[in-house]
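The values are calculated or read from the model by the stated rules, or taken from the named source; none is laboratory data. As the structure is a prediction and not an experimental result, all values here were calculated from the model. Because the Cβ atoms are built from the backbone with ideal geometry, glycine has one as well, and the counts that use them run over all protein chains shown. When the accessible area is computed, the model is the full protein with side chains, heavy atoms only, and any ligands, DNA or RNA have been set aside. Shrake-Rupley method; radii C 1.70, N 1.55, O 1.52, S 1.80 Å.
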Amino acid sequence: MPEASLDRDEDEKATEPPPGAGPPPPPAQGVPLPAQRVPLPAWLPERAVPLRREALWALAAAASYAVTLFVASDDLVFLAIPGILGLVALEVAAVRYVLRRPSRGAPAPYATDGSDQKGPVHFLYAALLKRYAILVLSCLVIMAVPLVTRVSYLIPLMGVGLLGVALATVFWFDQLRWVRQCARVLDVYPFEFRSPVYGLELWRNGRRVLVLGYGGLESPDMHAREPMGHPRWPDGIAQGGWFAGDEVFGGVLLVPGTGELMCMQPLEWDEFEQWRKEAGEERRARAKRAGLDLHSV
């Protein structure tokens, strides 16, 4: 189920492109944008960043770890099961939290005016590598503790560290997959400004449904994935963003200012199959080079 749903506000006026954006080029020809609909933008507030739960998680992890020590008991070994399950659940939550923790809305360290095709992708690769390295090094330290201290009741820490490395690798590769998809699109398509942007639904793990507006028209409902998995709407996204792609195939949206990047495709993919077939050989070839010829988002 969606975490949030934002309705379009019929009483607000359409916002203008940011200063310096210049006049936006027209949408790609043949895109099935509904005519005679002039929707008005809804303000998309920043989603609140969850409060820090490190202390609570640490207490829960300590309690779960203490219960796992019953595994060495002859009569009460069954009591270790809740502790093991608790540790696994907490470790999954902790790894996801480190890899997907949202930024605090600071300006992006790269150009977000549509002039930089490589900066957003390079920044995401570097940020994900840094977070993954922190997780792996932390897990290796945890695994080394029982080897160095030679304390028997610390031996389960080796399993904790090994599981952490495995979880971090699985989640990390999933994030890299979406960054790679964004990079493929930006190697093929230039940025074009779209305004306003309507947020329809916000789901978990960086998934959301939105619509790109232009000149009183709308794109199809787009299913978008933000590679970092941020659980909120980017600041100021309602005012517009830089789109690279072809609406019936999909593309990438860059949010001015904070620089969030997300890949997207039509939510109802099958409904636009005929439009894609009639798009022309050149458009289909570009979409294939960008990895947008198949439904993947």
Within region 55-79, residues within 19 Å of residue 163 (Cβ to Cβ) and not in a helix (DSSP H, G or I) come out as none
Per the filter on region 114-157, residues open to solvent by 50 Å² or more (accessible area, probe 1.4 Å), under 17 Å from residue 242 (Cα atoms) and polar (S, T, N, Q) are 115
Restricting to region 257-279, name every residue that is open to solvent by less than 30 Å² (accessible area, probe 1.4 Å), of a type outside the set (Ser, Thr, Tyr) and part of a loop (DSSP other than H, G, I, E, B).
259, 260, 279
Filtering region 232-253 down to residues that are at pLDDT 95 or above and closer than 15 Å to residue 206 by Cβ yields 252, 253
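Taking residue 225 as the residue in question, decide whether it is closer than 22 Å to residue 257 by Cα and not aliphatic (A, V, I, L, M).
Numbers: closer than 22 Å to residue 257 by Cα: yes; not aliphatic (A, V, I, L, M): yes.
Yes: the conditions hold for residue 225.
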Any hit, region 80-96, residues being loosely packed, with under 14 Cβ neighbours inside 10 Å and not in a helix (DSSP H, G or I):
no
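Taking the criterion of being assigned to a helix (DSSP H, G or I), touching a helix residue (DSSP H, G or I) at 6+ places or on another chain (Cβ under 9 Å), surrounded by fewer than 17 Cβ atoms within 10 Å (Cβ to Cβ) and of a type outside the set (S, T, N, Q), would at least one residue in region 98-113 satisfy it? Give the derivation first.
Step one: of region 98-113, the residues assigned to a helix (DSSP H, G or I) are 98-100.
Checking the rest, the ones that are also touching a helix residue (DSSP H, G or I) at 6+ places or on another chain (Cβ under 9 Å) come to 98-100.
Remaining after also requiring surrounded by fewer than 17 Cβ atoms within 10 Å (Cβ to Cβ): 98.
Keeping just the survivors that are of a type outside the set (S, T, N, Q) gives 98.
Yes; the residues of region 98-113 include at least one that is assigned to a helix (DSSP H, G or I), touching a helix residue (DSSP H, G or I) at 6+ places or on another chain (Cβ under 9 Å), surrounded by fewer than 17 Cβ atoms within 10 Å (Cβ to Cβ) and of a type outside the set (S, T, N, Q).
Taking into account only those residues within region 216-237 that are assigned to a strand (DSSP E or B) and open to solvent by 10 Å² or more (accessible area, probe 1.4 Å), which is nearest to residue 268 (Cα to Cα)?
Looking at residues that are assigned to a strand (DSSP E or B) and open to solvent by 10 Å² or more (accessible area, probe 1.4 Å), I get 223.
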Inside region 173-199, can you point out the residues that are among the charged types (D, E, K, R) and farther than 24 Å from residue 136 by Cβ?
184, 187, 192, 194
Determine whether region 194-203 contains at least one residue that is over 24 Å from residue 120 (Cα atoms) and in contact with an Asp or Glu (Cβ under 7 Å, 6 or more places away or on another chain).
yes
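Take region 184-215 and flag every residue that is within 23 Å of residue 101 (Cα to Cα) and open to solvent by 10 Å² or more (accessible area, probe 1.4 Å).
Kept after step one, since they are within 23 Å of residue 101 (Cα to Cα), are these residues of region 184-215: 199-210.
200, 201, 203, 204, 205, 207, listed by residue number.
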